[in-house]
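Participant: Dropping the structure in here first, questions after.
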Amino acid sequence: MGFWDAFKRWKLAQQGLSSGKKRRVYDAEDRFTAFLGSAQWVHWLLIVAFVVYLIALVVRQPHADIDKWASHAWQQVISAAVVAVTAVIMLRLNHRELMRKNGVVLLLLGGLLLHLSLVCLISYGVDTYHWRSEYKLLLIPFALAPMVHSILLGRRAGTFSAIFVSIAGTLLVPASEMVVYLIMSLACCMAVVILTSRVRKRAQLLRAGIYAGGLSLLFAIIYGEILQPSALAGQDRLLSDGAMFAVAFGVGFITALIVSGLLPLLEGAFSLTTNISWLELCDLNHPLLKQMQLDAPGTFHHSLVMASLAESAAEAIGANAALCRACAYFHDVGKLKKPEYFIENQADGMENPHDALTPTMSALVIIAHVKDGVDMALKHKLNPRIIDAILEHHGDSMVYFFYRKCQEQKAQEEDKVGKGLENAEDLPQIDDKNFRYPGPRPRSKETGILSLADAIESASRTLKKPNPIKIRGLVDDIVRKRWADGQLDDCTLTLRELTKVRDSFANTLRSMLHSRISYTKTEDPLDRKTSGGKAAVEKKEFIES
């Protein structure tokens with residue numbers, strides 16, 4: 001079918017009826033991938049494999065007394081099965097959103113099993129190769145699974161991971177060390193979850209790893225695993241304890257380094273994006289953003305202001321602020337196809353190209369910037385969440401300016417019909433669909449905030465002599481109209497969150513649209529007294545921003 005479509009486009013291009021090019025179409029995932037991502041048999045296969053593997057880990061855990069191990073084998077099987085099934089029930093009851101996608105289930109359960117496998121391997125290695133038993137607990141990378149899950153899946157997933165690996169790990173260590181392991185694991189894992197809930201820099205991962213190493217060392221000291229009287233001489237004991245200090249901090253540091261290196265691979269494999277990646281996408285040196293600075297400076301400035309509005313509002317309700325900023329930068333890249341058709345890019349004295357078009361054609365040009373934006377985003381391989389924001393930031397709202405203009409023209413034509421100057425059959429028919437964006441409506445909190453921020457920033461440019469009352473009235477009016485039009489029906493914003501979003505928009509706009517002192521032509525503004533004291537005049541020339 002792809003070859004046949006290309007051939008038809010070529011034939012039309014030969015006849016002068018087509019440019020021969022095809023706009024890229026966004027498809028989040030193909031049917032097969034979507035099927036595997038939500039297929040119930042795959043979901044249950046992952047769960048059964050998780051339960052079986054955990055039981056195998058516990059049963060195969062070596063013990064010095066083989067006869068005792070054999071006599072307690074069924075007890076170990078039942079214990080492992082109960083812990084695994086309890087974890088699955090907790091996930092299905094309390095983490096339903098995570099369990100909807102099989103890729104996330106694989107990441108979550110696979111990370112837990114990898115963490116527990118390392119616990120088993122370290123415990124087995126220390127006992128087999130007769131290393132010093134004091135190193136056993138210090139060598140365990142307590143921060144591994146909770147750190148990965150907290151960064152990629154959120155704090156709630158990280159908390160579940162921390163509790164599960166702490167409880168299940170007690171089945172993999174000797175009975176004499178169960179309590180010590182449980183306390184050390186809970187303390188280190190919860191500290192990592194707290195420190196990595198909103199990671200914006202990779203250095204924060206290293207800090208979390210070092211803190212985890214420090215806590216493991218602290219509890220090892222409290223429970224007498226190290227720094228206890230021994231038969232070693234003074235210098236040998238000092239070297240031994242120093243080595244344990246180095247092991248504890250080194251394991252935490254190395255764990256953080258490994259997680260930092262694995263994050264890009266895990267993000268690509270499971271279609272997830274961390275705040276670190278969102279901040280990297282906010283780099284203004286991106287080719288699309290640099291092109292926007294040159295070809296559509298008005299749109300670029302609009303995107304910057306909108307990003308500040310959306311980011312502040314997202315922080316106010318606990319949404320992903322970094323995602324909002326990145327999406328705001330790219331939401332209007334489609335305007336680069338025809339920047340002169342958008343009012344923010346039209347300089348004073350510049351002829352408006354819409355004057356030569358009918359309202360219907362003008363609306364089509366304006367609406368087309370959404371599909372053009374998707375085409376450019378796909379060409380530059382932008383994140384799928386950004387493409388969703390490009391599609392959803394206008395929802396299926398109407399281009400009211402040209403719709404009203406078309407109605408006015410129709411009213412004029414009807415007047416001519418009434419005077420007998422034209423026939424009623426020649427009156428144009430107005431179809432609302434021609435003036436509406438294709439949608440879909442915003443489907444997440446972040447895109448809902450972007451939709452409101454886009455409309456509010458554009459409308460704020462029309463305010464003359466803005467003051468807090470005018471700004472608040474503008475924000476409330478736009479939010480009310482969007483809500484009444486049903487544009488917020490598909491996103492998960494609550495009324496309480498909408499109130500906080502409105503307050504945030506109003507506060508941010510007040511700080512941006514502050515009033516300035518109007519200087520007279522005969523007065524040098526550098527000679528004025530400011531609230532901070534007298535301005536030092538070092539130059540005769542000045543630039544007023």
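The values are calculated or read from the model by the stated rules, or taken from the named source; none is laboratory data. If you're wondering where the values come from, they're calculated on a predicted model, not measured in any experiment. Methodologically, a virtual Cβ is constructed for each residue, glycine included, from the backbone with ideal geometry; neighbour enumeration extends over all protein chains shown.
Participant: Considering only residues that are among the acidic types (D, E) and closer than 27 Å to R207 by Cβ, look in segment 252-305 and name the one that is surrounded by the fewest Cβ atoms within 10 Å (Cβ to Cβ).
Facilitator: D283
Participant: Looking at L265 and the list (1) in contact with a helix residue (DSSP H, G or I) (Cβ under 9 Å, 6 or more places away or on another chain); (2) in the same structural domain as V199 (by TED's automatic domain parsing), which single condition is not satisfied?
Facilitator: Of the numbered conditions (1) in contact with a helix residue (DSSP H, G or I) (Cβ under 9 Å, 6 or more places away or on another chain); (2) in the same structural domain as V199 (by TED's automatic domain parsing), the odd one out for L265 is (1).
Participant: Within segment 489-506, can you find the residues that are assigned to a helix (DSSP H, G or I), of a type in the set (S, T, N, Q) and touching a residue at least 24 places away in the same chain (Cβ under 8 Å)?
Facilitator: S504, the sole residue that qualifies.
Participant: Okay, moving on. Using the structure shown, decide if K470 is exposed (fewer than 13 other Cβ atoms within 10 Å of the Cβ), of a type in the set (D, E, K, R) and modelled with pLDDT under 95.
Facilitator: Spelling it out, it is not the case that K470 is exposed (fewer than 13 other Cβ atoms within 10 Å of the Cβ), of a type in the set (D, E, K, R) and modelled with pLDDT under 95.
Participant: Determine the pairs where a residue that is over 16 Å from D396 (Cα atoms), located within segment 469-483, has a partner that is of a type in the set (F, W, Y) and part of a helix (DSSP H, G or I) with Cβ atoms under 6 Å apart, the partner being 6 or more residues away or on another chain.
Facilitator: These pairs meet every condition: V475/F505.
Participant: Considering only residues that are without any contact (Cβ under 8 Å) to a residue 24 or more places away in the chain and assigned to a helix (DSSP H, G or I), look in segment 274-303 and name the one that is farthest from F330 (Cα to Cα).
Facilitator: L294
Participant: What is the residue count in segment 362-392 for residues that are in contact with a Leu (Cβ under 7 Å, 6 or more places away or on another chain) and within 14 Å of R436 (Cβ to Cβ)?
Facilitator: Adding up the residues that qualify gives 1.
Participant: When you look at L378, is it under 30 Å from L309 (Cα atoms), assigned to a loop (DSSP other than H, G, I, E, B) and hydrophobic (A, V, I, L, M, F, W, C), yes or no?
Facilitator: Against the criterion (under 30 Å from L309 (Cα atoms), assigned to a loop (DSSP other than H, G, I, E, B) and hydrophobic (A, V, I, L, M, F, W, C)), L378 does not qualify.
Participant: Pull up segment 346-393, narrow it to residues that are in contact (Cβ under 8 Å) with a residue 12 or more places away in the chain and among the small types (G, A, S), then point me to the one that is surrounded by the fewest Cβ atoms within 10 Å (Cβ to Cβ).
Facilitator: By that ranking, first place goes to A368.
Participant: Working only within segment 304-337, note down all residues that are in contact with a helix residue (DSSP H, G or I) (Cβ under 6 Å, 6 or more places away or on another chain) and either of a type in the set (K, R) or assigned to a loop (DSSP other than H, G, I, E, B) (or both).
Facilitator: Once the filter is applied, which keeps residues that are in contact with a helix residue (DSSP H, G or I) (Cβ under 6 Å, 6 or more places away or on another chain) and either of a type in the set (K, R) or assigned to a loop (DSSP other than H, G, I, E, B) (or both), segment 304-337 yields A319, N320, R325, H331, D332, K335, K337.
Participant: Only one residue in I151, I122 is modelled with pLDDT under 90, assigned by TED's automatic domain parsing to the domain that holds V192 and buried (at least 21 other Cβ atoms within 10 Å of the Cβ). Which one?
Facilitator: I122
Participant: I need the full set of residues from segment 394-409 which are among the charged types (D, E, K, R), surrounded by 15 or more Cβ atoms within 10 Å (Cβ to Cβ) and farther than 20 Å from V479 by Cα, in order please.
Facilitator: Across segment 394-409, the qualifying residue is only K405.
Participant: In segment 469-488, what count of residues is obtained for those that are assigned to a loop (DSSP other than H, G, I, E, B) and either among the β-branched types (V, I, T) or within 21 Å of the chain's Cα centre (by Cα) (or both)?
Facilitator: Adding up the residues that qualify gives 1.
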